[in-house]
Every structure is written in structure tokens, then in C-alpha cells.
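Below: the structure, in C-alpha cells.
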Amino acid sequence: MTEKSKPTIAQRRSAARFAAIQALYQADLSQAGAGRVVQEYSEFRLDGQGQRDSDEPNENLIDPDRGFFADLVQGVENRLVDIDALIDGALEKGWTTKRLESVLRSIMRAGTYELMMREDVPMRVVITEYVDVAHSFFDENEPRLVNAVLDRIGKSLRPLEANKE
């Protein structure tokens, strides 16, 4: 990105989603609270510092929408029981959220939270964004699973929006 081009809101939200998945994964593995993880990411990770040998921030990184990032991470923690119930209901018989690999679980949880609580973001955008995030970590099967599960959840939570497509 050149100095003159400023990231769009959509790009900043995409970066926030990607960071939120990493933060949720960390919180899941460490059992750390969302508030602590959000604080750590805000202070040390979101600006690209601490990830390089140099003290200079990486100019190619997009500064995530920090409010959106915090809302995703803390929102997932606050609504975890409801979120996991929705995911469990959308998974194939015999599968539960607990059986999912932790990055995949974090992707589905963040996507489900966004479908539940962020009606300002269209359902199709939510699903596409999290399928794209899944492609960053996995091959074909997991992104397809993310698409199927979030589509089922989206149709149940936002039937009017789903019928317009």
C-alpha cells in the first residue's frame, strides 16, 4: 500500500476479523479472558510492532478497526453459550463445537457472533469474509464447512435477508 492510499473501512474490518480469529484462538488455548487478550493485541500486535526485528511498524499492514476487533473478541466471550449452541445445531449430526480444531472453532464463533449481533454487516459479507479467513489457514474442506455452517446459521437468524438473495 502506498502512503497516499488510505485503507477502506472494509479493509480495516477484514484486518480486524483476521486479528480477532488469532486473539480468539489464543484466548481459547490459554483460557485468558477476552479483555486481557484485547488489551495485549491492542498494545503489542495490531500495529505490526513486536512481530519484526525492527522497531518500525510494517507499512504494508492495514491498521485494523480496533473497536470492531474488540467487539468481536469480547462479544464472542460474552455470548459463547448461545454461539456454540447455534454452531452445534448447524453442524452435521455427531459433531459439536468442541470437536472442531481450535482455529476453525474461532472462525465459526466470530462469524456466528457477527451474524447474531452485527446486523449492520450484510449476511453475505459476513460469510464471505470468514470463508476468506478460513482459506488463510486451511485447504478446501474447512472453508467449505465454514461456508455451510455460517450459511445455515445466517438463514435461521436472518431469514428475511436470506430470502432476498
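Relative to the compact globular guide of 2.2 N^0.38 Å, what is the alpha carbon radius of gyration of the chain, as a ratio? Here the Cα radius of gyration is 1.04 times the empirical estimate. Each Lys or Arg adds one and each Asp or Glu subtracts one; over the other residues with Cβ under 13 Å from the Cβ of Ser156, this totals -1. For the chain, the dipole from Cβ point charges (+1 on Lys and Arg, -1 on Asp and Glu) about the Cα centre works out to 540 debye, to the nearest 20.
In this rough spin-label picture, where each label sits 7 Å from Cα along the Cβ direction, the Arg66-Leu80 distance is 2.5 nm. The protection proxy used here, the mean number of other Cβ atoms lying within 10 Å of each residue, ranks peptides 114-123, 89-98, 13-22 as follows, highest first: 13-22, 114-123, 89-98. Leaving ligands, DNA and RNA out of it, work out the accessible area of Asp88 with a 1.4 Å probe and give it in Å² to the nearest 10. My reading of the accessible area for Asp88 is about 60 Å².
Which FRET efficiency, nearest 0.05, do Arg144 and Arg36 yield, Cβ-Cβ r, R0 45 Å? Computed FRET efficiency for Arg144 and Arg36 comes out at 0.85.
Highest GNM mean-square fluctuation among Arg99, Arg79, Arg144, for the chain modelled with Cα contacts below 10 Å: Arg99.
Each peptide in 132-143, 148-159 was scored by the mean count of other Cβ atoms within 10 Å over its residues; highest first, the order is 148-159, 132-143. Size descriptors for the stretch 80-151: radius of gyration and Dmax over Cα atoms are 11.2, 33 Å.
For Ile127, what charge total do you get from the other residues with a beta carbon under 10 Å from its beta carbon, if Lys and Arg give +1 and Asp and Glu give -1?
Net of charged neighbours comes to -3.
Taking every alpha-carbon pair under 8 Å whose residues sit at least 6 apart, the chain reaches a relative contact order of 22 percent. Taking a Cβ cut-off of under 11 Å around Ala32, the surrounding Lys, Arg, Asp and Glu residues balance to a net charge of -2, with basic ones at +1 and acidic ones at -1. Among 64-74, 26-36, the peptide with the highest mean count of other Cβ atoms within 10 Å heads the list, and the full ranking is 64-74, 26-36.
The values are calculated or read from the model by the stated rules, or taken from the named source; none is laboratory data. Fair warning: this is a prediction, and the values are worked out from it, not measured in the lab. We place every Cβ from the backbone using ideal geometry, glycine too, and count neighbours over all the protein chains shown. Please note that ligands, DNA and RNA were not included when accessible areas were found on the heavy atoms of the full protein model with its side chains. Shrake-Rupley method; radii C 1.70, N 1.55, O 1.52, S 1.80 Å.
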